[in-house]
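The values are calculated or read from the model by the stated rules, or taken from the named source; none is laboratory data. What you see is a predicted model; the values in this text were computed from it and never measured. Every residue, glycine among them, receives a Cβ derived from its backbone with ideal geometry; neighbour counts consider all protein chains shown. Protein only, heavy atoms only, side chains kept; ligands, DNA and RNA dropped before computing areas. Shrake-Rupley method; radii C 1.70, N 1.55, O 1.52, S 1.80 Å.
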Amino acid sequence: MKKPLWGKLGLGMIMALCISGSWAETTADPKPSYKEITRSKAWLVGERQFPGAEKQYFATTPQANDPGKGSTFFSLVCIHSKPDQLLVLVESKEMLTETNVLFKVQFGKEERQGTLPLQKFSDKDRNLHAVIPVTSPMLADLKRADPYFAIGYKKQGKEFIHGYLSAGSTNAINTLLKVCKAG
């Protein structure tokens, strides 16, 4: 049996890699705690909590294509104040600047694509985000994507593709939605 993509990384290392920028801590103290809820092949579902604050639930998967393998993460995060919506994050080690990206999903031989309007929380934020309803066709597409989904954009005439494995996405997204609802 093949080990999951996350199998070689400890939870602390995963969190250090994938939790950055937009919703990361901005000061040295206090540090949040992290807990793994489940691993689902290429996905990790977990929670993080700052002392005295509400838990934040998320599902994340690393970039799987070369070049750039592991340099970006695609994450879905519960929004407590809006339980019918999810925050979509494209988290990066490098500054991402393009906010109008192509979202592409593969379903065996079929594929679907559309535009995903992403934003930045601030000019200094290296990550991109969007808010989608839990009933979004995009979320449904993520659940049935096989074997991958991708975002792409052009920057200074050069095309950039961030590809993510979709294995286990249905279980990861369903688990995330369940823990979001349970709060």
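To the nearest 10, the accessible area of residue 146 is 90 Å² with a 1.4 Å probe. 3J(HN,Hα) along the stretch 114-129, derived from phi through the Karplus expression 6.51 cos²θ - 1.76 cosθ + 1.60 where θ = phi - 60°, amounts to x, 9, 10, x, 9, 10, 10, 6, 7, 5, 7, 6, 8, 9, 10, 8 Hz, with x in place of Gly and Pro. Quote the FRET efficiency, to the nearest 0.05, computed for residue 55 versus residue 123 with a Förster distance R0 of 30 Å and r equal to the Cβ-Cβ distance. About 0.55, to the nearest 0.05.
Using the 1.4 Å probe convention, the accessible area of the stretch 82-183 works out to 56 Å² per residue with neighbouring protein chains retained.
The mean of 1/r over all distinct Cα pairs in the stretch 140-183, once inverted, gives the Kirkwood hydrodynamic radius of 12.1 Å. The phi-based Karplus calculation (6.51 cos²θ - 1.76 cosθ + 1.60; θ = phi - 60°) puts the 3J(HN,Hα) values of the stretch 56-72 at 10, 9, 8, 10, 9, 9, x, 4, 10, 9, 9, x, x, 3, x, 8, 10 Hz, whole numbers, x for Gly and Pro. In whole Å, how far is the Cα centre of the stretch 24-100 from that of the stretch 117-183? The distance from the Cα centre of the stretch 24-100 to that of the stretch 117-183 comes to 11 Å.
Based on the convex hull around the alpha carbon atoms, the stretch 44-106 presents an average projected area of 6.0 nm².
The phi-based Karplus calculation (6.51 cos²θ - 1.76 cosθ + 1.60; θ = phi - 60°) puts the 3J(HN,Hα) values of the stretch 83-97 at x, 8, 9, 10, 8, 9, 10, 10, 9, 9, 6, 9, 5, 9, 10 Hz, whole numbers, x for Gly and Pro. For residue 86, the residues 5 or more places off, or on other chains, whose built amide H falls under 5 Å of its own are 132, 134. So which of 55/158; 35/158; 104/124 end up more than 32 Å apart, counting from Cα to Cα? 55/158; 35/158, as the Cα separations exceed 32 Å there. Note on the stretch 86-167: percent of Cα-Cα distances in each 5 Å bin, starting at 0 and stopping at the bin with the largest distance, equals 3, 14, 24, 26, 18, 11, 3, 0. Place a point 7 Å from the Cα of residue 174 along the Cα-to-Cβ direction; which residues of the stretch 32-50 have their backbone N under 19 Å from it? Those under the cut-off are 37-46.
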